[in-house]
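Below is one structure, written out as structure tokens; the observations come after it.
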Amino acid sequence: MRVSDVVRDYIRLNTAADYLPAVTWNEDRSPFDSQTGKIIFTKQTGRPVDAYVRQADVEILLFSVQNANNEDLNALYNDAETITEYIKANFAINDDLRITVTQDVTGPYITAQNRYFYRISVLTYSE
């Protein structure tokens, strides 16, 4: 399983169960075709690997419902803050994978579907 998938599932399990998971960013396909669903999308970038440690940067993107308003934007920001604080307080995803925040909540941005989104960047490392 990709590290980004593990991070996404970890967040959904612990702080954002009402977010639909997206494996790719395609606004024409599920789950982006859900007008009322909030969405979490993660993507990873590899970092140096040696004989002892593997590292990956993971971007976490949280999307509001389609045709969002200011209330949706405020709720989305609060969710992003909750996730950031949870990650800071819970260093271990499992016995082999650790996580730390490397870039605070960034945004808001907006998509073609008029969905707001925020981004959080984390660093993962494992043996």
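The values are calculated or read from the model by the stated rules, or taken from the named source; none is laboratory data. Only a predicted model underlies this, so the values are computations on that prediction, with no experimental measurement involved. All Cβ positions, glycine included, derive from the backbone under ideal geometry; neighbour counts span all protein chains shown. To get the accessible areas, we keep the full protein, side chains included, count just its heavy atoms, and leave off ligands, DNA and RNA. Shrake-Rupley method; radii C 1.70, N 1.55, O 1.52, S 1.80 Å.
Positive end of the dipole of the chain, charges at C-beta (+1 Lys, Arg; -1 Asp, Glu), about the Cα centre: which of Ile11, Ala56, Tyr109 has its Cα farthest in that direction?
Farthest towards the positive end: Ala56.
Would you kindly calculate the translational diffusion coefficient of the range 1-75, applying Stokes-Einstein with the Kirkwood radius from alpha carbon pairs, for 25 °C and a viscosity of 0.890 mPa s, and quote it in µm² s⁻¹ without decimals?
181 µm²/s
What figure in square angstrom, to the nearest 10, would you give for the accessible area of Tyr10 with a 1.4 Å probe?
Approximately 20 Å² for this residue.
At 222 nm, what value in deg cm²/dmol follows for the chain if DSSP H runs of at least 4 each add -39500 (n - 2.57) and the sum is divided by all its residues, to the nearest 500?
Value at 222 nm, helices only, nearest 500: -8500 deg cm²/dmol.
Between Lys88 and Leu13, 0.36 nm times their residue separation minus their Cα-Cα distance comes to what?
Extra length available between Lys88 and Leu13 comes to 25.4 nm.
In square angstrom, what is the accessible area per residue of the range 7-127 with a 1.4 angstrom probe?
56 Å²
Kirkwood Rh, the range 28-114, all Cα pairs: how many Å?
14.9 Å
I'd like the accessible area for Thr100: 1.4 Å probe, protein heavy atoms, all chains in place, Å² to the nearest 10.
50 Å²
Gln55 to Glu71: extension gain in nm, 0.36 nm per residue of separation minus the Cα-Cα distance? Intermediate values should be presented prior to the final figure.
Details: separation 16, 0.36 × 16 = 5.76 nm, distance 3.67 nm.
2.1 nm is the gain from fully extending Gln55 to Glu71.
May I ask you to derive the relative contact order of the chain, considering only C-alpha pairs under 8 Å and at least 6 residues apart, and to give it as an integer percent?
Computed value for the chain: 25 percent relative contact order.
Each residue of the range 33-39 in order: what ³J(HN,Hα) in whole Hz does its phi give by Karplus 6.51 cos²θ - 1.76 cosθ + 1.60, θ = phi - 60°, with x for Gly and Pro?
Residue by residue, the range 33-39 yields 7, 7, 6, 9, x, 7, 10 Hz.
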